[in-house]
Structures are given as C-alpha cells and as structure tokens.
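Working notes for the structure below.
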Amino acid sequence: MATLDETAGYVLAPDPADESLTARVQGVDQDGALVEVRVVTERPLTIYLNAREIVTAMTIGDHPDLLAIGFLRNQGMLSPDEPITGVDYDDDLQVVVVRTERQTDFEDKLQKKTRTSGCAVGTVFGDMMDGLEGVTMPAGEVRTSWLYALAHQINRTPSLYLEAGAIHGTVLCQQDRPLVYMEDVGRHNAVDKVAGWLFVNGVDPADKILYTTGRLTSEMVLKTAHMGIPVLVSRSGFTAWGVELAQQLGMTLIGRMRGRRFTCLSGAERLIRDVDPSEIDEDRKAHRRKGAQSDG
C-alpha cells in the first residue's frame, strides 16, 4: 500500500507515481504538435464470494482485496462481524475471491439488481435499503473549520486526478484530518475501497466524515450509510433521491463545496460554524499570493 509523507497525516494515500495505474498515449494538441500524456487504466476485476461469482467491475486495478471486501460489505453480503478466512487475488485472471467461514447463498439477491448512475456502471443488488430499515446515523458534530481544512489539504494531495484526470476520489476523514484517500474510474469503486479498509482494520465509523469528488446520488448515500458514516461531503452536486434518503437516514449531506461556499441539504443540526467564511477566503488568496511569489 502506498503511503504519503507522515507530515501529510494520511494512513493511506494515492500513489500517482505507480506506472501500472496509467498508460502513456501519444496524440496531438490544438496546434498539431505531438504530445504524450498519461491516461488512467481500466481493467475488469471479477469478484467471487466463496464459490459464487458476484460481479465484474471496471477498475484501475489497485487494492483489489479492499475493493472486493468493501463491495460485498456495502451490498449486505458480508455482515459487520463476518469472519473472513482468506482473500485470494490472481493478477493474470483478474479475479479476487473472498472466503468466509459460513457458506453464503445470494441467488435471489443476484437476480434482482439495479443499475445505478455510477461512472463505469455501478450496480446494486437486491433491495437497495436492505439492512438500513430503522437505521439512523450516529449523532455528533461537524465543525465548518474541519470542512475547510479538509478541502484545502485534499485538493493539494498528489493524486492520479492531478496527474491524469478522468478519475474520482473518496477520502475517509476524522475531524480535520484526511486518513484514507482512494481513487478509481467509478466513484462507487473508490467508496468500496474505503469500506474495505474500514472493515479489515475494524475502524469505528461513527466519528468519521466521507469526502468525495463525485455527485451525491442515492448510491453514494446508501453506501455511506452501510458503512455507518454520518457525514457525506462533496464538491459536486446532489440528486433529489440522494437528498431524500439522507434525510430519512439522518445523514448530514453537504455538497457544492468550493472555496468558502457549501450547501447542506440534510442534517444541518450537526453543523457548528466555528470560523468566519470570509477569513477562509482571505487565507486562500494569501496562499495563492505566497505560492506565486515562491514560484518566481
């Protein structure tokens, strides 16, 4: 697993230097000049639960174990206390097998699936609300100073997005500290990798924040709820169903977070406004001026 410099505070972060996650492609620019650019890869990964084939996902190829475990957990195919006896990954076949102590049977669930709005085609099996009946998110607070600090650091973290684009990021955070930063061609895959990391490491999700670059759709809200995370934040916008589900579940849903602005459409009671947004705006301008001077 690639880690960033300890001063950045990450437990796990992107590795934009990993050449296996991109390909170099030649083309021409607007002036007809030859250019070579890095573009992110897409490769199929088939996920098995014991002897049962579950799904084939298009992914950039990193952390296949966490992606598989997180996907199964978010589909309700792994219970929170499910003992995993092994995870086998075959790089040549692009297959990952998650093995559990108890035998599983999801024929009925697999027959009923919903194609979601996720990039690279997301799929949710069975009833999308399975396991969430009567669930409400943990109580707590979200300080606006945390949100501004998170956006500032995440937007400046070395990533495949900054290197090659065409990719989504999802970051697990605690207060004003980003912990785990995952990227993938589909935002649902990036979320599932975070879910896998939570599951494998037995981390308490109740005091966490999930930050994503993607839209706040029903799928994103449901996955966040299955993970037990009470706060979902994005620099992108909302869908009506995503907002409705967040309100039903008692989740704090914050979108359109750019600069000092954001919009909260659910769970505003958690927000504590402990910083003047105008000060954040001035700090950002000062940062840009400082950066320009140092570059000169």
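Here is how the numbers come out for the structure above:
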| quantity | calculated |
| --- | --- |
| Accessible surface of Ser145 - all protein chains present, 1.4 Å probe, nearest 10 Å² | 40 |
| Percent carbon-and-sulfur accessible area, the stretch 188-247, ignoring ligands, DNA and RNA, probe 1.4 Å | 53 |
| With DNA, RNA and ligands ignored, accessible area of Thr104 (1.4 Å probe; Å², nearest 10) | 30 |
| Probe 1.4 Å, protein heavy atoms only - accessible area per residue of the stretch 140-280 in square angstrom | 35 |
| Net charge over other residues, Cβ less than 13 angstrom from the Cβ of Asp88 (K, R count +1; D, E count -1) | -3 |
| Rg and Dmax [Cα atoms of the stretch 1-96; Å; Rg one decimal, Dmax integer] | 17.7, 58 |
| The stretch 182-287: trypsin sites (Lys or Arg not before Pro) in DSSP coil with no more than 13 other Cβ atoms inside 10 Å | Arg273 |
| Per-residue SASA entry for Tyr89, accessible area with 1.4 Å probe, Å² rounded to 10 | 90 |
| Peptides ranked, highest mean first, by Cβ atoms within 10 Å: ranges 34-43, 194-203 | 194-203, 34-43 |
| At R0 = 51 Å, FRET efficiency that the Cβ-Cβ distance of Ala268 and Ala51 yields, to 0.05 | 0.60 |
| Cα gyration tensor, the stretch 119-275 - rounded (a/c under 1.5), prolate or oblate | rounded |
| Cα gyration tensor shape of the stretch 128-169, rounded if a/c is under 1.5, else prolate or oblate by comparing a/b with b/c | oblate |
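The values are calculated or read from the model by the stated rules, or taken from the named source; none is laboratory data. Since we're looking at a predicted model, the values are computed, not measured. Note that we place each Cβ from the backbone using ideal geometry, even for glycine, and neighbour counts take in every protein chain shown. Just the protein is used for accessible areas: all its heavy atoms, side chains included, with ligands, DNA and RNA removed. Shrake-Rupley method; radii C 1.70, N 1.55, O 1.52, S 1.80 Å.
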